[in-house]
Amino acid sequence: MGFGRASLLQVSDTTDPIVGFWQVTLTAKGNQPPGPPDGVQIDKGFSQWHSDGTEILNSSRAPVTQSFCLGVWKKVGTSRYKLNHFPISWDQNNNLVGVANIREEVTLSLDGQSFTGTFIFDQYDQAGNKLVHLIGVVNGTRITVDTPAGSDWAMLVMAVEPRLDPLRSIPSFRELVGKLALPM
């Protein structure tokens, strides 16, 4: 009994320029009341875009509420990409809220070191009813083997440190924050 012949399957001759490790920030822009006002940071984290068209985001949300989401991406034009990812959301008491969907459309900079674009965030309950709809802008900065941990990393900590959360002081937004299970 022998083993069959082994072979390698080449998936791609080139790596797309979006592939890599990114620090990303999602910021509210254009939401109607009682949504967050323009400029409020919705999330910040680390995103890895893979050459096979998949993506993973390590969010700054508290782990109990779901700090990871998985997604897929495709190139839709010169330096333009669509990303569709899904976290499973939990509240602060470990109760399942439901699935969220985050869709992004981004444009990679000419030097390939940053991207900008828009996002849509929809949170659903377990029955599939939409609880929250947010829109805004997304920015990404490439992380390389030479990227130091600097002052910008403090902003990531701010996103998970409850007493520093800027959303706490917005009374009309507290209900939405509760539904999103964002740290208060």
Qualifying strands (runs of 3 or more DSSP E) (wholly inside the range 24-119; at least 3 residues being closer than 26 Å to T147 by Cβ): 41-49, 54-59, 68-77, 80-86, 96-108
Near pairs, Cβ below 8 angstrom, 6+ apart or cross-chain, from the range 116-135 (of a type in the set (F, W, Y)) to any residue that is surrounded by 12 or more Cβ atoms within 10 Å (Cβ to Cβ) and in a loop (DSSP other than H, G, I, E, B): none
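All of the numbers you see were taken from the coordinates with simple rules; none came from a lab. Owing to the predicted nature of the structure, the values given are computational and were not obtained by experimental measurement. Note that each Cβ is placed from the backbone with ideal geometry, even for glycine, and that neighbours are counted across all protein chains shown.
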